[in-house]
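S.K.: Just dropping this structure here.
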Amino acid sequence: MIATCPATGTTMPPPAPAADSHDMDDVRAAAAGDRQAFHRLYRAHVDRIYGAVYRLAGYDHARAEDLTQEAFVRAWQKLSGFRGDSAFGTWLYRLAVNVALMDIRSRGADPVTMMDEDYIPDRGDTPFCAAEREELERAIGNLPPRARAVLVLHDVEGWRHEEIGAELGMAVGSSKAQLHRARGLLRKVLGERS
């Protein structure tokens, strides 16, 4: 079930599902070719996966839908390799994030490219109320892809800079610099004072 933000009517992804013993039964069945078992796994995890991919895709619904589907196709293809070292939801989440990050890389996003401050709208052009999630999503979506990826992975998804650096192929210091720059750009767009 997807919750709705009362202030804007936009949807919010649900929290991560609790570990379910049915997941492992369905994983084994799906790995053996049971499409219904895989469909149950899809229904159990699609909202969380879509939410993470949606943020990484710059709040682009169509792109997030494509990337979510691609993540589940890859999960189906790689299911026999799932060893169970982590929960299925964790494995699937990591696979989906990798799909989204590969999409960012394929679009030629340079890890050090920053948004030109001349293209940032003035405060009056971008009204913001903290309760209006849509404005924040739009501001994050307009960040350069790699800066957006670092911001989303660190501030939203809770990754450490070491994990981000390893995943994006950048030094920890670069990850920290990208995060600092992304936050500064957001403050400027949203009209907050440092």
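S.K.: Ordered by residue, what ³J(HN,Hα) values in Hz, to whole numbers, does the stretch 65-74 give under the Karplus form 6.51 cos²θ - 1.76 cosθ + 1.60, where θ = phi - 60° and Gly and Pro are x?
M.R.: 4, 4, 5, 5, 5, 4, 4, 6, 5, 5
S.K.: Measuring from label point to label point, each 7 Å out along Cα→Cβ, what is the Ser86 to Arg187 span in nm?
M.R.: It works out to 3.2 nm between the two label points.
S.K.: If you don't mind, another one. Please work out how much length the chain gains when fully extended from Glu137 to Glu157, using 0.36 nm per residue of separation minus the C-alpha to C-alpha distance, in nm with one decimal.
M.R.: Numbers: separation 20, 0.36 × 20 = 7.20 nm, distance 1.47 nm.
My answer for the length gained is 5.7 nm.
S.K.: If I take R0 = 35 Å and measure r between the Cβ atoms of Arg28 and Ala62 in this structure, what FRET efficiency does the formula 1/(1 + (r/R0)^6) give, to the nearest 0.05? Intermediate results must be reported in sequence, preceding the final value.
M.R.: Working: r = 34 Å, r/R0 = 0.96.
E(calc), rounded to 0.05, equals 0.55.
Bear in mind that the values in this text are calculations on the coordinates, not laboratory data. Computed from a predicted structure; not experimentally measured. Backbone-built Cβ (ideal geometry, glycine too); neighbour counts: all protein chains shown.
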